[in-house]
Amino acid sequence: MQNIEDICKDLLARIALSDNPRDLLKVPELKQLYGAIKTMPPEERGDYGKQVNELRTTLDSAIVKRESDLENATVEPLDITAPWDINSQPLGLLPTETGAQHPLTLELENVIDIFTRMGFDAVESRQIDDDEHMFGTLNFPENHPARDGYDTFRTEEGFIPPAHTSTMQNRILKAGKSKLEAGGQIAAVSYGRVFRNEDVDATHEHTFYQCEGVFVSRDATLGQMLGTLRSFFETYYGQKLEVKTQPGYFPFTEPSLEFLIEKPEALGGKAEEWLEMLGCGMIHPNVLAAADIDPNVYRGFAWGGGIERLVMLKYGIEDLRHFESGKLKFLRKFA
């Protein structure tokens, strides 16, 4: 056991830095000192007890002083107009070593890494966009229900927090047009947060993450798309997977498909238990034309799906709301 002098020095140093100094009177070291009195020879107890009581008196005085200093301390108000480096100094920000990446950030980086290794460029989506990129360039009819305010958020100025990362598709196609004309191809994924007017429950959120892929060449096929998606899912989940498609509808693809995987046994699945993972299809000619790409010469395919769905399946997460809850018990599982 440490001697009394060493314990006194240690506790005084901790009191001088503590925001709750009185809690230090409950530390195990003090309890051990008091508990040792009854185990000592009778002739030594008096002197030892006196030293322990003097230690307690010293600590009490230091605590009272520290509490007074804390009460009288003045904190300068945060200047919200000042540069970040000025404001960050007095805040006592924790070093990055004390934290960890959010599970969605970790898995989004994993998804992007897989696609970039497959040859796709990665482009971050926008947090705010316009009606033309949200609907017009994606072949949405004027009366499509998704344009309704009950389905899509809008600002007072008419801007739209994107409901899908497809808002980047026209930009990706226009940026890659020169590659096509030079005999190359367009291959890119866009990723980011999307926003929808949803009632929140265990499987629905108004804010979540998506990743969308676009590929265009002279001879793109559905077979290439299915091979690309199968390769991605098998790499992401680290095992062979059975896949299938079923008919779907999206204004920006024709034909449109829903892509399903057979839930693998390693993830708790059973035979013939299929999970819809994303929507996909061949890019609609009108979408290519909106980017000044001749649909009679070039063809492409696209897909888009949520990141949360991938992560929930991978880690057996039962409630979508955990991701935005800020609960440390949940987040520490990924630290």
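Just so it is clear, none of the values below were taken in a lab; they were calculated from the coordinates. Please read all numbers here as calculations on a predicted model, not as lab measurements. A quick note on method: Cβ atoms are made from the backbone with ideal geometry, for glycine too, and the neighbour counts reach across all protein chains shown.
So the values come out like this:
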quantity	calculated
Cα-Cα pairs of region 4-72 separated by more than 21 Å (percent)	28 percent
Helix 42-72 vs. the chain, principal-axis angle (Cα, 0 to 90°, nearest 10)	50 degrees
For the chain, share of DSSP beta bridges that run antiparallel, in % to the nearest 5	90 percent
Folded to 0 to 90 degrees: helix 4-17 orientation relative to the chain principal axis, Cα	40 degrees
Segment TYR48-LYS314, extension gain: residue separation times 0.36 nm, minus the distance between their alpha carbons	89.8 nm
Distance histogram for region 221-324 (every C-alpha pair counted, 10 angstrom bins, percent rounded to whole numbers)	14, 41, 29, 13, 3
Tensor-based shape of region 165-221 (alpha-carbon gyration tensor, a/c under 1.5 rounded, otherwise prolate or oblate)	prolate
Contour minus Cα-Cα distance for ASP131 and THR203 (0.36 nm per residue)	23.2 nm
Largest-first principal axis extents, alpha carbons of the chain, Å	103, 54, 41
On Cα atoms only, tilt of 28-37 relative to the major axis of the chain in degrees	30 degrees
Sequence-distant aspartates and glutamates (8 or more away, or on other chains) whose Cα lies within less than 16 Å of LYS327	GLU318, ASP319
Virtual spin-label span in nm between VAL64 and ARG321, 7 Å along Cα→Cβ	5.0 nm
At R0 = 45 Å, FRET efficiency that the Cβ-Cβ distance of GLU273 and SER178 yields, to 0.05	0.50
Chain lengthening between VAL297 and THR235 when straightened (0.36 nm per residue, less Cα-Cα)	19.1 nm
